[in-house]
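Each remark here refers to the structure printed beneath this line.
The values are calculated or read from the model by the stated rules, or taken from the named source; none is laboratory data. This one's a predicted model, so the numbers in the text were calculated from it and none came from an experiment. As a convention, Cβ positions derive from the backbone with ideal geometry for all residues, glycine included, and neighbour counts pool all protein chains shown.
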Amino acid sequence: MTAPKLPTKLPPKLAANFGDEIDMAAQGLAWLRESIPHLVGATLVLVIGVILARLLSKGADRALTRSGRIEPTVAKFLSNIIKYALWVVVGVTVLTQFGVQTTTIIAALGGLALAVGLALQGTLSNVAAGVMILIQRPFRVGEAITAGVVTGTVQGIGLFTTEILQYDGLYVMVPNNELWNKPIVNFSRMPTRRFELLIGISYSDSIEKARGELLALADADQRVLADPEPVVFVAALADSAVTMGLRVWCNTEDYLGLSWALTEAAKQRFDEAGISIPFPQREVRTITAAV
């Protein structure tokens, strides 16, 4: 039995398909030969760029933290911005290795940034306010502040929100934008504070005697600072009393305790000295019409 003979020529359709495959393979090899330098260059740019981005961001973080003028949160935020910006530059450089137009990439990135900015407008405003708070430092963690309707001790400052513990024990998380757009009163920033006590005496009592008692009251408390010295003055001539004012200065940490102590001691001292503290009175006269 003889073996079958192989055909010396392929059918036209099969030969055409085989020729197309050979052409595609040849084109692929040609593209690969031309693209190898670009692939190698793009890989080197990508690896070196990522390494440099990490090194520069870490160096910026250490430099900003060691300066002492910038909060650690802001330093980390700025170093991350540097890192991501370098990553974008590296990505654009890699794409240009393959002939992609840089203007097209920049336009696409600009459109993406605009869309993200519009979608996260409120969030970005809180981030901007958080950065300004951390840079300007109107308050720090542990300080007592009032901003708008919120009063308490600052527990934490983030890029989006600030945590405040109110004096009644309630925890409040305030968006940074709400704090930055309102006047902020910091009770803890300055080392000393002034306390003013207003107390009324009867019109029949001696103003000089009341002044002496209030000055003696201030001298008796060691928390009252000698400089600036205590001052006693007539604050107002009210309807039912002469309002006397006592102004003293103290260390900030002594303010609350001193205000309570002086208010209580003033009442006791006036009672012992025979100086009355009148309460509001109204005199009513009845006039009978003549018949």
Report yes if some residue within segment 79-91 is surrounded by 12 or more Cβ atoms within 10 Å (Cβ to Cβ), assigned to a helix (DSSP H, G or I) and at pLDDT 85 or above; otherwise report no.
no
Residue list for segment 132-151, restricted to those being farther than 19 Å from Tyr171 by Cβ and not aliphatic (A, V, I, L, M)
Gln136, Arg137, Pro138
Residue that is nearest to the chain's Cα centre (by Cα), among those in segment 151-173 that are at pLDDT 90 or above and surrounded by 18 or more Cβ atoms within 10 Å (Cβ to Cβ)
Thr162
Whether any residue in segment 112-126 is in a helix (DSSP H, G or I), at pLDDT 80 or above and either exposed (fewer than 15 other Cβ atoms within 10 Å of the Cβ) or not assigned by TED's automatic domain parsing to the domain that holds Val47 (or both) is what I want to check.
yes
